[in-house]
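Following: one structure in C-alpha cells, then a few remarks.
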Amino acid sequence: MTQKIIDFDNFSPVVRKLYHFMSPCILCPRKCGVDRIAGEKGYCAVGPEPRVSSASSHFGEESILVGRGGSGTIFFAGCNLGCIFCQNYRVSHQCIGDEITVHQLADTMLDLQVRGCENINLVSPTHQIPPIAAAIEDAHKRGLTLPIVYNSGGYDCANTLSLLEGLIDIYMPDMKYSNVQHGLQYSDVGDYPGINYSAVKEMYRQVGDLQVENGIALKGLIVRHLVLPHDLAGSTAIIDFLASQVSPHAAINIMDQYYPAYHAGEYEELCTSPQADEIAKVKEYAHKKGLRIID
C-alpha cells in the first residue's frame, strides 16, 4: 500500500500525538489497529485526510447554538457507530463525502465565521480528530475566534479526548443507552455505557457546566439524549448518572425526534416513535433531578 505523506513538521506536539494514534489506529474505543496513515481503513471507513459531507449555516440545532447567524455545521463522513436507526445514514454509514486537506478544512471553518455563524459545529468528529485538531490550530492562527463544538455519538476514548483540552469549547455528546445489550444490538458496540460515561466525565472535566451569554452558548457540556420507544435507551439511568456523577446542573437536550429510519423497521420494538407521555416522563424526571433542560 502506498504511504501517504503527512507533513508532521507543521503540527503541534498534541496533533502529532493524535496522528500517532492512527498508526495503528486506537483513536476510538474500537481500536481497529489498522494503519490509517498508510491509507488503510477500519470500521469508520476513513483514511488519514478529513472527509467532509457538507458545511453550512445550520438553523436546526439547539437555539443556544443557532442564535441569529446559525451554527456553522461541518458534517464528517463515516462513523465509529453502527446505529440501525441512523437518520443520517448516507453520510455516516455510506460515507458520502469528499476528501479534503487539513488546510481546506481550516478554510471551511474560516468561511463559516465570515458568513456570520455563531460557532463551528463538528458533527461526527470522533474518527477524524487528528486532521480536525490540526485544522483548528491552523484556523486559529489565521483568525478563527468562534467557539468549537464537538458533536459526537458519545463513543469516544477519554484518553484521546484529553488531548483536545483547550481546543474544544463546547462538548455535545449523545448519551444513547444505559443498557449494554441495547448498545450491542442497535449500535454494534458491546461496551457503550461504560465508554460513554467515561467520555462524558472527561468532557465535563475540561469545559464544566454550560455557559451562555446573550442567549448563545460559549463553553460547557451539553448532553443530547434521544428518547427511544419502550424506554430502550434507559433514560432514567442516564439522568441519574449525569446528576450524581457529572453535575447536578448538567445541561441536557431530551430529544423527541426518533422515528424508524434506516434499518429500524426491521425491529418490531423500534417500528414506532415514542409516545408523548414517554417523552414527558423523561423530561419530568430530569427536571426533578435538577438538570438544566434545553432545546
Legend entry - Residues that are of a type in the set (Asp, Glu) and either touching a helix residue (DSSP H, G or I) at 6+ places or on another chain (Cβ under 9 Å) or over 21 Å from residue 85 (Cβ atoms) (or both), drawn from the stretch 258-276: 269
Legend entry - Hits in the stretch 11-34 - residues which are part of a helix (DSSP H, G or I), farther than 25 Å from residue 189 by Cβ and either in contact (Cβ under 8 Å) with a residue 60 or more places away in the chain or touching an Asp or Glu at 6+ places or on another chain (Cβ under 7 Å) (or both): 14, 15
Inset, instruction - Please list, ordered by first then second residue, the pairs with beta carbon atoms under 6 Å, 6 or more apart or interchain, first in the stretch 35-50 and at negative phi, second in a loop (DSSP other than H, G, I, E, B) and of a type in the set (A, V, I, L, M). - result: 38/1; 40/34; 42/34; 48/37; 50/100
Inset, instruction - Would you be able to tell me the number of residues in the stretch 61-89 that are free of Cβ contacts under 8 Å to residues at least 60 places away in the same chain and either surrounded by fewer than 20 Cβ atoms within 10 Å (Cβ to Cβ) or assigned to a loop (DSSP other than H, G, I, E, B) (or both)? - result: 6
Inset, instruction - Enumerate the helices (runs of 4 or more DSSP H) found wholly within the stretch 120-190, keeping only those where 2 or more residues are surrounded by fewer than 24 Cβ atoms within 10 Å (Cβ to Cβ) and polar (S, T, N, Q). - result: 158-162, 180-187
Inset, instruction - Name the residue, out of 46, 15, that is crowded, with 20+ Cβ neighbours inside 10 Å and touching a Gly at 6+ places or on another chain (Cβ under 9 Å). - result: 46
Inset, instruction - Please determine, by comparing only the residues of the stretch 242-295 that are closer than 18 Å to residue 224 by Cα and aromatic (Phe, Trp, Tyr), which one is nearest to the chain's Cα centre (by Cα). - result: 258
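A short reminder: the numbers here are calculations on the coordinates, not readings from a lab. Remember, it's a predicted structure, so these values are computed and weren't measured experimentally. Here Cβ is always computed from backbone atoms with ideal geometry, including for glycine, and neighbour counts include all displayed protein chains.
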